[in-house]
Amino acid sequence: MSRDRIPVSIITGFLGAGKSTLLNRLLKDPEMSDAAIIINEFGDVSIDHMLVESAGEGIIELAEGCLCCTVRGELVDTLAELMDGIQTGKLKPVKRVVIETTGLADPAPVMQSVMGNPVIAQNFVLNGMITVVDAVNGLSTLDNHEEAVKQAAVADRLVMTKRALADAATIAALTVRLEALNPRAIIEDGDKTNWSAAGLLDNGLYDVSSKNADVGRWLGEESGHDHDHEDDHAHGHHHHHGGHDHHHDVNRHDASIRSFSIIHDKPIEPMAIDMFVDLLRSAHGEKLLRMKAIVKLSDNPGRPLVLHGVQSIFHTPERLAAWPDPADQRTRMVLITKDLPEAFVKDLFAAFTGTPGIDRPDRQAMTDNPLAVSGLRF
């Protein structure tokens, strides 16, 4: 479709982390006057701005000019109504959508609302997940709530609020833990008041048709943390030590979460990548928290394929017109998994792409795995 899709950013975070405060500060940026805010909360609407006029069914226009509504039903329905209102002229056009989601939520279904429905995915594209973490209670929240761990693990950006109320040791311990859970996310200072909406909400590849699609930023490469390292323990090492100076049960939810990348130089057969992704999502969807990839395909190596999935739901794959960075035309995949070992995923990828597998001590265990499809040797 040639029509520009509207980038959607999701702000999540545990109850009381400061999502509404952040949103209200973002609204002060004139950039937000062309935005629609969807509050997917239970209870009271958390926008504290003066409401001006009703702009249609359940959608109000705020003093700043942006549209706002609270979701009581399905998020997909709300996005469809928003698009319909814009296309029929009942609502003013918007340049971005920000969804503030309830603090208790598993982030996956909210992301999947944007990616999984074909009609929604034609009109909207997921631009980034921003997770707000409270410096005072963040560590105990991560200890006690697996949803909070997932929210932190899948984020493109982490915003640490209430730093002024926390001591330096607590902030340091929380920072170490967040970096271990999500080495690719940028950690922002949530106490600042002059937010740039674009600076926080734009996370790279929201417009895959544009010439300046920022693949590196979208894959989280600028945050670094040695994720080009091929050593299997390179990305996992924090997970075991991250919280030893805090308290011992730090590993309960965190240890099962891994963030790693697969980098491949040669062009890949379209069917091979198809089968690899299909097998991962059908057999292990619930363990694949998020996957982002730019893939060099053998049928047209100059036009890379973009893949983006959350659990078993993937956005419709798209081909870019060209490599955004002509100097780097490697396949790069970033995966965030839960209870799905890095070595297993890499061996599976190697099996489909014909790269020689690395001999591992756990190879025998893998043949007992449901993914060891007949005819494939791991």
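The values are calculated or read from the model by the stated rules, or taken from the named source; none is laboratory data. For clarity, every value in this text was computed on a predicted model and none was experimentally measured. Here the Cβ is made from the backbone with ideal geometry for all residues, glycine too, and neighbour counts use every protein chain on show. These area figures cover heavy atoms from the full protein model, side chains too; ligands, DNA and RNA do not enter into them. Shrake-Rupley method; radii C 1.70, N 1.55, O 1.52, S 1.80 Å.
What to note about this one:
- Checking Ala321, Ala272, Ala327 one by one, the residue that is among the small types (Gly, Ala, Ser), assigned to a helix (DSSP H, G or I) and farther than 23 Å from Gln151 by Cα is Ala272 and no other.
- Hits in the stretch 103-143 (condition: open to solvent by 30 Å² or more (accessible area, probe 1.4 Å) and not in a helix (DSSP H, G or I)): Leu104, Asp106, Gly116, Asn117, Val136, Asn137
- Among the candidates Glu100, Glu74, residue that is under 28 Å from Ala152 (Cα atoms), at pLDDT 75 or above and open to solvent by 50 Å² or more (accessible area, probe 1.4 Å): Glu74
- Hey, Glu64 among the acidic types (Asp, Glu) and either at pLDDT 70 or above or open to solvent by less than 70 Å² (accessible area, probe 1.4 Å) (or both) or not: yes
- For Lys28: the one exception among (1) at pLDDT below 90; (2) more than 20 Å from Ser196 (Cβ to Cβ): (2)
- First in the stretch 311-338 and of a type in the set (D, E, K, R), second anywhere and part of a strand (DSSP E or B) and open to solvent by 30 Å² or more (accessible area, probe 1.4 Å), Cβ under 9 Å, 6 or more apart: Arg330/Ile263; Arg332/Ile263; Lys338/Arg258
- Checked against the criterion of being modelled with pLDDT under 90 and assigned to a helix (DSSP H, G or I), the stretch 88-97 contains not a single residue that satisfies it.
- When each of Ser33, Ser2 is tested for being open to solvent by 20 Å² or more (accessible area, probe 1.4 Å) and at pLDDT below 85, the lone residue that passes is Ser2.
- Residue within the stretch 219-240 that is at pLDDT 60 or above and part of a loop (DSSP other than H, G, I, E, B) present: yes
- Against the list (1) modelled with pLDDT of 90 or more; (2) under 18 Å from Leu75 (Cβ atoms); (3) part of a helix (DSSP H, G or I); (4) touching a Leu at 6+ places or on another chain (Cβ under 8 Å), the condition Gln151 fails is (4).
- Test: Leu174 is of a type in the set (A, V, I, L, M, F, W, C), buried (at least 23 other Cβ atoms within 10 Å of the Cβ) and assigned to a helix (DSSP H, G or I): yes
- Unmet criterion (only one of (1) open to solvent by 10 Å² or more (accessible area, probe 1.4 Å); (2) over 17 Å from the mean Cα position of the chain (by Cα); (3) of a type outside the set (Ser, Thr, Tyr)) for Asp156: (2)
- Restricting attention to the stretch 178-190, the residues being over 15 Å from Gly13 (Cα atoms) and either at pLDDT 95 or above or in a loop (DSSP other than H, G, I, E, B) (or both) number 2.
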